[in-house]
Every structure is written in structure tokens, then in C-alpha cells.
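One structure is given below, encoded as C-alpha cells.
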Amino acid sequence: MNDALTLVDSRLRWAFGEPEARASVTFLGTERIEVLRFLDAEAGTVRYATLGMSAAPMTDPAQALADPEVGPRAELLLTVRAGIADTDKVLRPLAVLAASPQVEGVVVAPGASLDTGEPLWPGAPFTSVLVAEPGGLVEDLALDPPRDPVRFLPLLPMTPTEAAWKRVHGADALRERWLRHETDLRDPLRGAVPLGD
């Protein structure tokens, strides 16, 4: 584990306590991605956090030469209500999303949609997520210059209809609709927010 990942691991444990479980996934031609599981019994939620995505900076595929030090770094966070669905099956889809900067050359940033192409867990009405703004759950982690800080990006599951609506109207409009309808974004079995009113 490189020094950035050691610091990320410490920051996650500082924010959420000791992980209940860790799983690792390795894809051909990529570094290992771990997914850590944290149970918050008081809140009745389970959190999943990736560890490994921030080992290298994300680079725009249009750049001719990737800088090995400079560029945005991030890890992904997903929070759902515990005990309602088999959400532990989200470990592999989360690892796939975390590996996408290495595999596909994408830069994951707030407002982006990430699609897994399959349900996030068995019976899930979601196949994609909206990347939310960082800073609410875990503060950015500063690294030694010239490296950019690591940002911890929350993921908000979207139904296929919400994802299609977001493509047309934008992330802000979808977030506003969720707020207006008091949508429980942590409910692993929720239906789509009303989109026709």
C-alpha cells in the first residue's frame, strides 16, 4: 500500500471507526481496489468506502502525457440503510466504479453519473449512481505537494428513469426534485422520485 492509501485508510477509520469487513478486487492491468464496510448501529446504516482509487491521480484521456503526481484523487462512499436488502453484494460494482479512472481514463467528479450496467445489489432498482459533493462525511485529505488532496465522494443511487431524467435536466435539477419530495436516498429499495410534476 502506498503512503497515500495508508493515509486514506487512517482517515476512513478516524471518520467511521474500525471496518467490519474488507474485500479486495483486482482487475487486469489495474492496482487492487479494496472496499471497506462500516456499520453504524446507532443510525441503522452501513457505509461502504473504496480504498485504492486515490493511489494515482485521475487524468483526462485527452492529455498526451499523464502526470504521475498531479491531478484529482478520490475515493467513493456509499451509505444505505442496514438490514433491508443484500447490499453487501455492492462490493464488486463499487470496485468496478473505483477502477474506472485506471481502466477507462475517466475523471470522476461531483455531478457525474456512473453506470454499472447491472443492479448495484440483488433486487436493487438502481444501476447507476450520481456523484455528490465531498466534505459532508469525510473531509478532504491533504497530501504533500504537488499532489492534489484526496476527496471522498458520496454516491447517490439512481433508478434508470432518474438517470435518464438527469441526463436531460442535469444533476442540480434531480437533487432539487429529491429534496422537494423528501426522498430517502439511503433506502436500498426506494422507487423513483416523481418526475412528471
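The values are calculated or read from the model by the stated rules, or taken from the named source; none is laboratory data. Bear in mind that the values here come from a model prediction, so they are computed numbers and not experimental data. Note that we place each Cβ from the backbone using ideal geometry, even for glycine, and neighbour counts take in every protein chain shown. Just the protein is used for accessible areas: all its heavy atoms, side chains included, with ligands, DNA and RNA removed. Shrake-Rupley method; radii C 1.70, N 1.55, O 1.52, S 1.80 Å.
I want to verify the translational diffusion coefficient of region 1-96 in µm²/s; compute it with Stokes-Einstein, Rh as the Kirkwood radius over Cα pairs, at 25 °C and 0.890 mPa s.
Details: Rh = 14.5 Å.
So the translational diffusion coefficient is about 169 µm²/s.
Between residue 84 and residue 42, what length in nm is gained on full extension when 0.36 nm per residue of separation is reduced by their alpha carbon distance?
Values: separation 42, 0.36 × 42 = 15.12 nm, distance 1.56 nm.
Net length gain for the segment: 13.6 nm.
Quantify, in whole percent, the carbon and sulfur part of the accessible surface of the chain (1.4 Å probe; protein heavy atoms only).
53 percent
Run the numbers on the chain and let me know its relative contact order in percent, using alpha-carbon pairs under 8 Å that are six or more apart. If you can, show how the numbers build up before the last one.
Details: 373 pairs, mean separation 36.5, N = 197.
Reported relative contact order: 19 percent.
Among 4-12, 131-139, how do they line up by average Cβ neighbours within 10 Å per residue, starting with the highest? Let's see the in-between values first.
Details: 4-12: 18.1, 131-139: 16.3.
In decreasing order of mean packing, 4-12, 131-139 become 4-12, 131-139.
Restricting things to alpha carbons, find the Rg to Rh ratio for region 105-185 using the Kirkwood radius for Rh. Walk me through the numbers before you get to the answer.
Numbers: Rg = 14.4 Å, Rh = 14.0 Å.
Rg/Rh: 1.03.
Give the Debye-formula value of log10 I(q)/I(0) at each listed q (0.14, 0.23 Å⁻¹), with one equal scatterer per alpha carbon of region 133-174, two decimals each.
Those come out to -0.50, -0.78, one per q.
Work out the FRET efficiency for residue 26 and residue 140 from their Cβ-Cβ distance, taking R0 = 35 Å, and round it to the nearest 0.05.
Details: r = 27 Å, r/R0 = 0.77.
The computed FRET efficiency comes out at 0.85.
Taking a temperature of 10 °C and a viscosity of 1.306 mPa s, what whole-number D in µm²/s does Stokes-Einstein yield for the chain with Rh from Kirkwood over alpha carbon pairs?
92 µm²/s
At what distance in nm do the modelled label points of residue 180 and residue 133 sit from each other, each positioned 7 Å from its Cα along Cα→Cβ?
A separation of 2.0 nm, rounded to one decimal place.
What is the packing order of peptides 14-23, 50-59, taking the mean over residues of other C-beta atoms within 10 Å and listing the highest first?
So the peptides 14-23, 50-59, ranked by packing, come out 50-59, 14-23.
Show me the helices of the chain, taken as full DSSP H stretches, that run 18 Å or more along their long axis by Cα and average 0.5 or above in Kyte-Doolittle hydropathy. Before the final figure, lay out each step's value.
Values: long enough: 3-16 (20 Å, 0.26); 91-104 (19 Å, 0.69).
Span-like helices, by this rule, are 91-104.
Between residue 139 and residues 5 or more places away or on another chain, which pairs have amide H atoms under 5 Å apart, with H built 1.01 Å from N, and which residues are they?
none
For the pair residue 161/residue 2, report the inter-label distance in nm, with labels modelled 7 Å from Cα in the Cβ direction.
Here the modelled spin labels are 4.4 nm apart.
List the residues of region 28-48 whose backbone N lies under 20 Å from a point placed 7 Å from the Cα of residue 106 along the Cα-to-Cβ direction.
28-36, 48
Which percentage, to the nearest 5, of the DSSP beta bridges contained in the chain is antiparallel?
Details: 25 of 30 bridges.
Around 85 percent of the beta bridges assigned by DSSP in the chain are antiparallel ones.
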